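Nothing in this text is a laboratory measurement; each read-out follows from the coordinates by a stated rule. For clarity, every value in this text was computed on a predicted model and none was experimentally measured. Quick reminder, even Gly has a Cβ in these numbers, built from the backbone with ideal geometry, and neighbours come from all protein chains shown.
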Ligand code: ARG
């Protein structure tokens, strides 16, 4: 999480009205409430690093094209370094009157180095500046998100390898359907996360495009060299159209959509963990360090982490709707509305990173109650389909096989026996196609290992898939 993410930022209201950059045009001071209402510094100060990096690159470019002298460039770079140190030392006075991170830093620079500080904004506007800052910020955050994602994926691969042979009931409609291996189930979540990872990596390409140079909206009359600035900042491309450059927030929406989908996956996974950790299922044990107790009911161990992740999904989904709605009525180009992009974005990033971190840690400490899951798979007649497939292989039409198995299940229910516990003679009373080898398919182990093809639940396939998964996340 960003080190500048304070809930109560260090702000100072001492700045004089005369310091407003647009003072020349205005005769009346800003209404005090409006000043606070329109300011973004309380939250956009978290982009100070990116703002300074952008300014350093811009100053270098201005000197490169001869708009600044080398000495002016050096003074600016040196001054910005000092501003950065003072922010990082917690000594910087963020001012609401100076509205946002951009004007706060520029004013501090001018305080430090005098008139040269005022030259930094040549050929630039806060409109292209802010769009650049957000993109630089998100580029860094995407890298952190992807690395947390991989940590979680690795934990799932480890679990899958450890529990490749562990049998559990597989569900459809939350009713026992067919036996699967726990490892296979973990790798299903791996696949969800692998798609998420691909989406973040793909979205990074569109984040990493530079708006700087668009200035307010139309470009600038200075002989700027945008390629130079882009190289300095590590951008992969340059926004082709200045109007689009300052008004586009697609990349932010895309990132939030990816985050909402990833959170939705974690939410579904959480729902399973909450169920599985209950006394009724008792399939898994979450480590004590990821649960809390009850102040009143001594027996309780609550799965708070998955519950909270499930709950936090709501706010990220909400942020996606906020951003879509923020953009839907805006004409080109920049509008002040855009300032509202930051809080949903920042909260999306914080929530996602927090959820991924806690999940990656938690999944390294999940223990599995094999006997209980096995028993649950047996009790649910999970090999009924295997019996039907056996009959079909013996030449019985599927519809008839379905009926034979239905009768066998009914006998099992009435006599409280699993299919594998019903005698051969009894089974043969439903179909004379049934032979002694039927018990090979009625066992749980026989059932899972028969699904031995790419994507199937057989332990052999799970091990091979885990191996491939390890290679895939290296890409
Ligand atoms: N704080 C503003 C934002 O976040 C910066 C750009 C403001 N530009 C302007 N012309 N008012 O969008």
Next item on the list: Along Cα→Cβ, 7 Å out, is where each label goes; now give me the distance between the ones at residue 416 and residue 201 in nm to one decimal.
Entry: 5.4 nm
Check: So how tilted is helix 250-276 from the main axis of the chain? Cα-based, degrees 0 to 90, rounded to 10.
Finding: 30 degrees
Next item on the list: Quick one: order 166, 172 by neighbouring beta-carbon count within 10 Å, fewest to most.
Entry: 172, 166
Check: At a Förster radius of 22 Å, what calculated FRET efficiency corresponds to the Cβ-Cβ distance of residue 287 and residue 372, to the nearest 0.05?
Finding: 0.80
Margin query: Tell me whether segment 90-141 comes out rounded, prolate or oblate; compute the Cα gyration tensor, take square roots of the eigenvalues as a ≥ b ≥ c, and use a/c under 1.5 as the rounded threshold.
Written below: oblate
Checklist line | Taking 301, 474 and counting other C-beta atoms within 10 Å, the order from fewest to most | finding: 474, 301
Margin query: So if I take the centroid of the Cα atoms in segment 112-164 and the same for segment 170-215, what is the distance between those two points in Å?
Written below: 20 Å
Next item on the list: Mind giving me the nanometre distance, one decimal, between the label points for residue 294 and residue 423, set 7 Å out from Cα along Cα→Cβ?
Entry: 4.8 nm
Checklist line | Rounded to 5, percent antiparallel among DSSP beta bridges of the chain | finding: 75 percent
Next item on the list: Divide by every residue of the chain the summed helix terms, -39500 (n - 2.57) for each DSSP H run of at least 4, and state the resulting mean residue ellipticity at 222 nm, rounded to the nearest 500 deg cm²/dmol.
Entry: -19000 deg cm²/dmol
Check: In degrees, nearest 10, range 0 to 90: what is the angle between the Cα axis of helix 48-64 and the longest Cα principal axis of the chain?
Finding: 50 degrees
Check: Got the relative contact order for the chain handy, in percent, Cα pairs under 8 Å and 6 or more residues apart?
Finding: 16 percent
Note to self: Tell me whether the chain comes out rounded, prolate or oblate; compute the Cα gyration tensor, take square roots of the eigenvalues as a ≥ b ≥ c, and use a/c under 1.5 as the rounded threshold.
What the structure shows: prolate
Note to self: Using a 7 Å offset from Cα along Cα-Cβ at residue 265, what residues in segment 129-169 end up with backbone N under 14 Å from the label point?
What the structure shows: 145-157
Note to self: Counting other beta carbons within 10 Å of each residue's own, what order do 229, 348, 122 fall into, fewest first?
What the structure shows: 122, 229, 348
Next item on the list: First check a/c for segment 290-395, with a ≥ b ≥ c the square roots of the eigenvalues of its C-alpha gyration tensor; if it is under 1.5, answer rounded, and if not, answer prolate when a/b is larger than b/c or oblate otherwise.
Entry: oblate
Notebook entry, point to check: So how far apart, in nm, are the two label points at residue 64 and residue 228 if each is 7 Å from Cα heading toward Cβ?
Noted result: 0.6 nm
Next item on the list: Kindly state, to the nearest 0.05, the FRET efficiency for residue 308 paired with residue 162, given R0 = 30 Å and r defined as their beta-carbon distance.
Entry: 0.70
